[in-house]
Amino acid sequence: MRPVHATFDDRFKLLEEFAEKYGHASPAQKNLPAQFHCLGFWCTHLRVSMDEYKAGERVRVRSQTHSCSFTTLATGAPISG
């Protein structure tokens, strides 16, 4: 499968699937099943950005340079971004 750049909504949907399967929405950055392997980095990035925002720091939207292949749990179909 060719890697795709996922949108925020794609990753959020995948996080919802992760939470439904594992009972929490805090994926690790390592040792995740293939369909969830980028969620740990993505969630950490969001948390750090929100902490910076709450602290009154200027938050720069950073481009994520890595590509991830996402599939839905229900169908196994790729999520295109």
Worksheet entry | Failed condition for Ser63, given (1) exposed (fewer than 10 other Cβ atoms within 10 Å of the Cβ); (2) modelled with pLDDT of 85 or more | (2)
Response to the item:
Only one of Asp51, Asp10 is in a helix (DSSP H, G or I), at pLDDT 85 or above and loosely packed, with under 13 Cβ neighbours inside 10 Å, namely Asp51
Fill in: Residue under evaluation Glu20, criteria (1) exposed (fewer than 14 other Cβ atoms within 10 Å of the Cβ); (2) more than 11 Å from the chain's Cα centre (by Cα); (3) at pLDDT below 85, criterion not met
(3)
Worksheet item: When segment 23-41 is examined, which residues are found to be at pLDDT 85 or above and surrounded by 14 or more Cβ atoms within 10 Å (Cβ to Cβ)?
Response: Pro27, Leu32, Gln35, Phe36, Cys38, Leu39, Gly40, Phe41
Discussion item. Suppose the filter is touching a Cys at 6+ places or on another chain (Cβ under 7 Å) and among the hydrophobic types (A, V, I, L, M, F, W, C); does Cys38 pass it?
Written reply: yes
Worksheet item: Of all residues in segment 1-57, which are of a type in the set (Phe, Trp, Tyr) and in contact with a helix residue (DSSP H, G or I) (Cβ under 8 Å, 6 or more places away or on another chain)?
Response: Phe18, Phe36, Trp42
Response to the item:
By residue number, the members of segment 38-50 that are closer than 15 Å to Ser26 by Cβ and not hydrophobic (A, V, I, L, M, F, W, C) are Gly40, Thr44, His45, Arg47
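The values are calculated or read from the model by the stated rules, or taken from the named source; none is laboratory data. In this text the structure is predicted, and so the values were computed from the model without any measurement. Cβ atoms come from the backbone with ideal geometry, glycine included; neighbour counts cover every protein chain shown.
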